[in-house]
DNA sequence: GTCTATAATACGATAGAC
DNA sequence: GTCTATCGTATTATAGAC
């Protein structure tokens, strides 16, 4: 059974998650989180006594979502190549949001990297999860060193595409780069 | 002859430029710009009556710097391939700053893309300049459509490398990706 | 052109009633 | 667990003295 307090907490975390993504962390205030979650500002502050607390909770929530997603992918995809393709599909499917708000992991980590290095270290775990998962898939095909490099390359392509499509507010940029990522995957995986 | 007011203006713009880069635009206050430029806060506000005004001035200043840099490169480099290599060298030479603060163009445009779309359009011009310049160099070797794609690809690689190196605060990531960019340039330019 | 003083508002945070 | 009231401090911005 989930308590009322836990439910409220989750409501707040979801609202903050969206706002941190769509507006940015620094610019988002308790006031706005309160409006978005239909709660009183003081109530938010009761559950998260500092803004950093709220940020930490949002990051942990994202990490859990990523963990669940990667487990699902690991379960669903039969071959390493299909797994890697799944990563590209995710980017493709989120083209509209990526063009409008940028990458949720990249933009948050970039922002925190300038003014909140401690929190950035927490946000970095989102990348760690993806990179380790990608690396494991590449390892099924390539030697360790190469697998690590390829994982980083694929993530860099995704981030580069996200930044450009966000700057030009153009989902097509994501789709073009997704095609190139698929082509690149085919080439190196010799399929 | 440059007036005292113009000199003060330039001092402020330089201070704001650095702070917007190192801390981010939203988080930087008049107070901090005042401290960094050894001026009074009200004096800053006299020259730039709104924060958006100051941002616009900083962006225009950056655009002028980029314009000058690209002209210099166009003048110095003998072949299109050397020009393109110069772009990679810039990234390599700025590895430390890129790892510490991210890409000045990318992080600012990302930030503005979430909460200040009008200013983002101004910031986008920085990318326009680079992309058009790169495209022109590729056009000396490839057909127009291909040249445009390659320019966007090279910029995406640079942005992807910047994001990753910023997230891990690791200049080596920039250097590794710079090597890959050079390799890629050599391959497609058949050198 | 420069700066002081101050307005008006928003912020994060706290103490305490219910 | 919820919410009110409020504190102290930031913020941007203005009006006006020099």
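Read the figures in this text as sums done on the coordinates, not as results from a lab. Note that the structure is a prediction, hence the values are computed from the model and not measured. As a convention, Cβ positions derive from the backbone with ideal geometry for all residues, glycine included, and neighbour counts pool all protein chains shown.
Values as computed for the structure displayed
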read-out	value
Per-residue Cβ neighbour rank within 10 angstrom, fewest leading, A:1, A:180	A:1, A:180
Degrees separating the helix A:80-93 axis from the principal Cα axis of chain A, which is the longest one	50 degrees
Cβ-based exposure ranking for A:98, A:185, in which fewest neighbours within 10 Å come first	A:185, A:98
Distance between region A:110-146 and region B:41-62 - C-alpha centres, whole angstrom	37 Å
Sorted by Cβ neighbour density within 10 Å, fewest at the top, the residues A:118, A:32	A:118, A:32
With Cα atoms, 0 to 90° folded angle of helix B:51-76 axis to chain B main axis	30 degrees
Axis-nearest residue of A (beta carbon) for the A-onto-B rotation, whole Å	A:160, 2
Region A:74-189 shape via C-alpha gyration tensor axes, a/c threshold 1.5	oblate
Chain A: calculated mean residue ellipticity at 222 nm from DSSP helix runs of at least 4, using -39500 (n - 2.57)	-27500 deg cm²/dmol
Angle in degrees between helix B:171-189 and the longest Cα principal axis of chain B, rounded to the nearest 10	40 degrees
Across the identical copies, how the residue B:146 labels are spaced - nm, sorted shortest first, 7 Å along Cα→Cβ	2.7
Prolate/oblate/rounded label for the protein assembly as shown (Cα gyration tensor, a/c 1.5)	oblate
